[in-house]
Structure formats: structure tokens, C-alpha cells
Amino acid sequence: MKEIAVIRYNAGNIQSVVYALERLGIEAVVTDDPDRIRNADKVIFPGVGEASTTMGYLKQKGLDTVISSLTQPVLGICLGLQLMCQFSEEGNTQCLGIFHAKVKKFPLFAETESILKVPHMGWNTVTKNSMDNPLLYNLDTSPFFYFVHSFYATTGPDTAAVTEYGVPFSSVLSNKNFMAVQFHPEKSGLAGEVLLKNFLKL
Amino acid sequence: MLAKRIIPCLDVKDGKTVKGVKFVNIQDAGDPVELGRRYSEEGADELVYLDITASHEGRKLFHDLVRRIARHLNIPFTVGGGISELADAEALLMAGADKISINTSAVQNPGLITSLARNFGTQFVVVAIDARMENNQWIVYTHGGRNRTQKELFAWAREAQERGAGEILFTSMNHDGTKNGYAIDALAILSNQLSIPVIASGGAGRMEHFLEVFTVGKADAALAASVFHYGEIPLPDLKKYLADRNIPVRL
């Protein structure tokens, strides 16, 4: 059965992802049923919340091992991206270890002496790495996407695109079938729609 | 680079926008969803919907509206008006609002900021502050500017931040409606004192005012209503004007 599964867990904004898919004519199923997630054509792992609490919840539901073992295209969003990294400074949390990246808290002061406001909130540019990623097809070289977060993923071999906010960080990560974005494509206007369409086409 | 945000604000009563709007090709100019989509297409970075309904029936219509906005809008939106307890905010979150803004209820019960931030995250909580300059002091007002409080703007904004506000939306009552520009001096102080983003509100009349509020006023975002609703400043023109003057904006 061809199905887009959105993983249901104790996180906000899941409904806005479902609405964004609806606007693209896709009806997704929101589920925490391991079998249904494993059998889905594609899986979206959204999230807004605190890392350690959320990891605890995923473990309790057995969803941590389900997500790590998926072989179909998986798209993590925001906290989803952070939980797919190795470790998060938020609550000193061991995460899923899918991406070669760590999650750190933004420094409060930028080198320019001007105060860096945290959370990093608003529209920022996402610059693709030379390696072309199918998730970023049909987008400008540095499109704007909408961000809201206080922790960021470091850059490394899995970094597909970088954003600068005091420090350069991974705004898109990609490793085999696993992809993740730090921004909210569901709230990022036309650029967000292009990215979601790219994912749905994989 | 993080862009400065331009935020049109729509007042809603009984599920309809109340101020007249000059847009061509809109069937129903009063439909907040249709208007929001138009603003989004023209380059608005976020939207604020304020429910100015007093009745229970109107409030119910507003909740239905929030659900429709969430379904149809592809940019973030904040809703405010009549949120006095956790349950009100939760209902709006469930309806699909990205953020809520609280004003009077935060002053009356500052603990509300704390519990909202704990339950739904700081990014969800915008604390709106209306203040008036009186004898060299910015005095905080509540109830839509009708009730004077003992609070002072900067101290209250810092307290709101410490309690978990994710953003401060400051409206200068001295500047609101004048179209003579934002309260840039107060905004600069506010922005320097806070580690969370500041949204400027009140006084926008010309494009220069937006330039000034981002440079001198150090605001992270600028909110306006009538200049957008009456078509006095078209959003694409404003964005281009700011970009030409090296203000980082999303084009």
C-alpha cells in the first residue's frame, strides 16, 4: 500500500505538516503504529519540543528502533532532524545516531558583538553544498526557509545545505534514505512546497 | 542571513476582517483566509490575526477561522485576543496556530507566560505590550489601552522574557495611528536589553519608517495594519525598497 506516514508522538505542529501535504493533494496518515510506519511508502518525522523528553517518549513506544531501521525515504523536520543526530546538548540526550552530527545550543553572542537573538526565529537562507541533493531540486542556490529553534546540528559529511546564524550549521542533512531539514517546509511558502514535492517524488 | 520580517496584522470580528481592504480581484474582501493568502503571495513573512470579538459566539467563529487559516496558509501565523488561560491557548494550538499573543492576561497573571512556555515551548508565546510615554517613563497599559498599570515597559519586557516569552510585540500608544514612524528610541533600548526577538508596532506610514525601525530601532520584525490594508504601501515595493538599502529581507 502506497502511503505517506507522519509519525505521531508528543510533539507540536504535526497537524500543520498534514495540512501542507493536503495543499499538495496528498492525504497522509498520522500514526504511531510500528507496522504501519514500516510499510509506508514514505515517512515524515516532524517535531517541536524538548529533546530528552521526546527521545524518552520514542523509546517508550519502541519508535526509536523503528525509525532507525527504516529503508524507505524518511524526512525529519526541526526536532526530527535533531533527534536523528548522534547526541543533543538539550538535556544531554543520546539520539538516534542516523547522521554524523551533534546538536549544540546557539551561543548567545555573535562575533560581531551584536546580540544573537535566541531562538533563531524567522526566514534565513539555505545554501546547498556542491553535492546536489534531490531534496533541493528546482530551488535557487540560496532560498529562504522559515526557522524556529534554539539548538543546531553541526556540519559534517552528511551536511547537504548550510545556514549561518552566528555559526554555520546543517540546515539539511542527508544519509542514504534518511533526509532532514532544520527549518519548517510546511511554513516556508513556495520554497517549502517545492521541497515537500521533491521528497514526495523520491 | 536572517531576514527582517514584515508582518501585516488583521483585526477579526465575528470571523471577518473589520478594516476595509483595497485589494483588486478579491471576491470577499472580508474573508481573513483569502486576505492572508494574498498577503502571503505578496511577500508577507508572517501574519497576525487579532480577535477583537467580545462575545462567546464570536470567539467560536474565531476558532473555526484559525482552523481554516492553518489549512490554507503556507507561512506562520500568530493569533491573539481573549486568551486568558492555558486551555484557551491549547485550543488555538490544536486548531493550528503557530504562536499565540497575550497582553492583558499576561499583566494580570504573569505566571501564565511561564506555564504557556513550559507546556507549549517559548517559540509559541508572544507577549504583546502596549505602552505610553508619560513624564519620561514608558507606562504599560492593558485592555486595549484603556487601563493604566504600575508597570514600566523595559522591566516588564525583561520579566516576560525571563518567564519564557519567545518574542516581545511592543506597540507605542504615542505612535500608533499617527503614521509618523515607529518609537525607534524605545525599540532600540528594548532590543539591546532582550535576548529574544522584538516586533515593532504602531506608527508605520511610509517606507522610510520600516528602514528606520530596522536600522536605528534594531527591531527584528515590523508589524503594520492600515498601510497594507489600504494599499498605501504595497508589500513587494516595500521589500524591494529595503533590499536596495541593504536590509536583509526575503524576496
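The values are calculated or read from the model by the stated rules, or taken from the named source; none is laboratory data. Just so we're clear, the structure is a prediction, and the values are computed from it rather than from any experiment. As a convention, Cβ positions derive from the backbone with ideal geometry for all residues, glycine included, and neighbour counts pool all protein chains shown. Calculation scope for accessible area: heavy atoms of the full protein, side chains included, ligands and nucleic acids excluded. Shrake-Rupley method; radii C 1.70, N 1.55, O 1.52, S 1.80 Å.
The count of lysine pairs in chain B with alpha-carbon distances below 15 Å, taking only pairs 8 or more places apart or on different chains, stands at 5.
Of A:CYS85, A:CYS95, the residue with the largest accessible area leads and the full order is A:CYS95, A:CYS85 (1.4 Å probe).
Once you reduce segment A:125-202 and segment B:203-244 to the center of their Cα atoms, the two points are 29 Å from each other.
In a DSSP loop and with at most 13 other Cβ atoms within 10 Å, there are no chymotrypsin sites (Phe, Trp or Tyr not before Pro) in segment A:6-60.
Using the Cβ-Cβ distance between B:ALA155 and B:ALA91 with R0 set to 35 Å, the FRET efficiency from 1/(1 + (r/R0)^6) comes to roughly 0.65. The loop-placed chymotrypsin sites (Phe, Trp or Tyr not before Pro) in segment B:170-236, going by DSSP, that have at most 14 neighbouring Cβ atoms within 10 Å of their Cβ come out as B:TYR230.
With the convex hull of its Cα atoms as the shape, the protein assembly as shown has an orientation-averaged projected area of 20.7 nm².
Computed on protein heavy atoms with a 1.4 Å probe, the accessible areas place A:ARG8, B:ARG132 in the order A:ARG8, B:ARG132, largest first.
Look at where the Cα atoms of segment B:138-198 and of segment A:32-108 average out, and the two centres are 38 Å apart.
For B:LYS151, the residues whose amide H sits under 5 Å from its own are B:VAL140, ignoring neighbours fewer than 5 places away on the same chain, with H placed 1.01 Å from N. Take each residue of peptide B:159-172, count the partner chain Cβ atoms within 10 Å of its Cβ, and average: the result is 1. Scalar couplings 3J(HN,Hα) for segment A:139-144, obtained by applying the Karplus form with A = 6.51, B = -1.76, C = 1.60 to θ = phi - 60°, are 10, 4, 5, 9, x, 8 Hz; x denotes Gly and Pro.
Within the straight-line cut-off of under 18 Å between alpha carbons, the aspartates and glutamates reachable from A:LYS102 are A:GLU50, A:ASP64, A:GLU89, A:GLU90, A:ASP158, A:GLU164, sequence neighbours fewer than 8 places apart in one chain being disregarded.
Put simply, the amide H of B:ARG5, placed in the peptide plane, has neighbours under 5 Å in B:ALA221, B:ALA222, leaving out anything fewer than 5 places away on its chain.
Once the 1.4 Å probe is applied to the protein heavy atoms, chain A comes out at 40 Å² accessible per residue.
Mean residue ellipticity, 222 nm, helices only, chain B: the sum of -39500 (n - 2.57) across DSSP H runs of n ≥ 4, divided by residue count and rounded to 500, is -11000 deg cm²/dmol.
In this simple spin-label model, placing a label point 7 Å from the Cα along the Cα-to-Cβ direction at both B:ASP244 and A:ASP132 gives a separation of 3.6 nm.
With a ≥ b ≥ c taken as the square roots of the eigenvalues of the C-alpha gyration tensor of chain A, please select rounded if a/c is under 1.5 and otherwise prolate if a/b is larger than b/c or oblate if it is not? Here chain A falls in the oblate category.
Excluding the sites themselves, what is the longest stretch of chain B that contains no GluC sites (Glu not before Pro) in a DSSP loop with at most 16 other C-beta atoms within 10 Å? Looking at chain B, B:86-231 is the longest stretch - no exposed GluC sites (Glu not before Pro) with at most 16 other Cβ atoms within 10 Å. In plain terms, the bigger the Kirkwood radius, the slower the diffusion; for segment B:5-244, with that radius from Cα pairs, at 37 °C and 0.692 mPa s, Stokes-Einstein puts D at 184 µm²/s. Largest GNM mean-square fluctuation among B:ASP130, B:ASP64, B:ASP176, using chain B with Cα springs under 10 Å: B:ASP64. Counting Cβ atoms of other protein chains within 10 Å of each residue's Cβ and taking the mean over peptide B:188-198 gives 2. Can you tell me which lysines have their Cα less than 17 Å from the Cα of A:LYS42? Leave out same-chain residues fewer than eight positions away. The qualifying lysines are A:LYS2, A:LYS176, A:LYS197, A:LYS201.
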